[in-house]
1. Spot the failing condition for PHE127; the list is (1) among the aromatic types (Phe, Trp, Tyr); (2) closer than 17 Å to ALA198 by Cα; (3) open to solvent by 20 Å² or more (accessible area, probe 1.4 Å), and only one is missed.
2. Report every pair of residues separated by at least 6 positions or lying on different chains whose Cβ atoms are under 6 Å apart, first residue within segment 52-64 and assigned to a loop (DSSP other than H, G, I, E, B), second among the hydroxyl-bearing types (Ser, Thr, Tyr).
3. PRO160 passes all but one of (1) surrounded by fewer than 22 Cβ atoms within 10 Å (Cβ to Cβ); (2) over 15 Å from the mean Cα position of the chain (by Cα); which number fails?
4. Could you count how many residues in segment 65-94 are at pLDDT 85 or above and either of a type outside the set (D, E, K, R) or not in a strand (DSSP E or B) (or both)?
5. Could you please let me know if GLU125 is under 20 Å from the mean Cα position of the chain (by Cα), at pLDDT 85 or above and within 17 Å of PRO212 (Cβ to Cβ)?
6. Suppose we filter segment 96-113 for residues that are over 21 Å from THR157 (Cβ atoms), open to solvent by 10 Å² or more (accessible area, probe 1.4 Å) and of a type in the set (A, V, I, L, M, F, W, C); how many remain?
7. In segment 131-145, what count of residues is obtained for those that are surrounded by fewer than 24 Cβ atoms within 10 Å (Cβ to Cβ) and either touching a Leu at 6+ places or on another chain (Cβ under 9 Å) or closer than 12 Å to ALA191 by Cα (or both)?
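The values are calculated or read from the model by the stated rules, or taken from the named source; none is laboratory data. Here the structure is a predicted model, which means the values were calculated and not measured. Cβ coordinates were reconstructed from backbone atoms using ideal geometry, including for glycine residues, and neighbour counts include every protein chain displayed. The accessibility values were calculated without ligands, DNA or RNA, using every heavy atom of the protein model including side chains. Shrake-Rupley method; radii C 1.70, N 1.55, O 1.52, S 1.80 Å.
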Amino acid sequence: MPDPDFLATAIEIVRRAGQIQLERRASGFSISKKAETDLVTEVDLECEHMCRAVIAGRFPDHDVLAEELGAGPATGRGSRWRWVFDPLDGTTNYAHGVPIFCASLGLEIDGGTAVGAVYDPTRNELFTAERGGGAYLNGQRLAVSDTPTLIDALLVTGFPYDVHQRAGDLVELFGAFLGRARAVRRLGSAALDLCYVAAGRFGAFWEQQLKPWDVAAGALIVEEAGGRVTGMDGSPFDAAAAHLVASNGRLHEEMLTVIREFRTAGQRAQRTGQR
């Protein structure tokens, strides 16, 4: 098991980030654009600076990778420990007043996530996990759902920021799942999507073009709740691979089959169109 100070620090940071998020939502904040549809608020930056300060003060030999400032000044140091932080997952929701957002923090040790914490301040829900120690919601043990088939499952997904350039493919895959599942949702926070799979609220989640800070903590929480996480091609999960399927395990092969059939049909159509 990892050093208990690591989980305690992760919990403290995501809770402090959640408090900042709530306070600034009440007092007001500025919004700017990183790209046409990719927003950043001063709250993102305030939370990230807080996280970096805490880690630097307690674990000065640890690296930090976070959404707004990247790898920061520790680039190239190559520490065994790397904290992976999303200071405000669901920024678009937050900027529009939609109460679905969180802070997400994972700690990688020798390249594998060992500790994860995700905090949703609007619901006061704290999701945590340690490698080999199980996953928890506000101290209560989590377990994925026992939903056996897609037609009985509620699924969740997300769209990348370049959705305008790739809308056709994304919507078609969404439609493929919509035709096989009980229902499909899109919440706008990958970290919470993963935690909701861990909690049994969703049977499975898929998404493309993710970043390590979107999934590092949530993927560990799913696995420690008894679920399964892989790439969309069935490859072993890699937070840097930018795509994943997370499920209760029972649905996983069916999820991968839908994706494989969709991609095969697309390749066939492309070849036909080239003739």
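1. So the condition that PHE127 fails would be (3).
2. Within 6 Å, the pairs are ASP61/SER79; HIS62/SER79.
3. Every condition holds for PRO160 apart from (2).
4. Residues of segment 65-94 at pLDDT 85 or above: 65-66, 79-94.
Remaining after also requiring either of a type outside the set (D, E, K, R) or not in a strand (DSSP E or B) (or both): 65-66, 79-81, 83-85, 87-88, 90-94.
Selection size over segment 65-94: 15.
5. In short, no.
6. 1
7. Of the residues in that region, 7 qualify.
So that you can scan it fast, the table gives a plain yes or no per residue for (1) without any contact (Cβ under 8 Å) to a residue 24 or more places away in the chain; (2) farther than 29 Å from SER79 by Cα:
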residue: TYR94; (1), (2): no, yes
residue: GLU108; (1), (2): no, no
residue: GLY111; (1), (2): yes, no
residue: ALA117; (1), (2): no, no
residue: THR122; (1), (2): no, yes
residue: LEU126; (1), (2): no, no
residue: ALA129; (1), (2): no, no
residue: GLY132; (1), (2): no, no
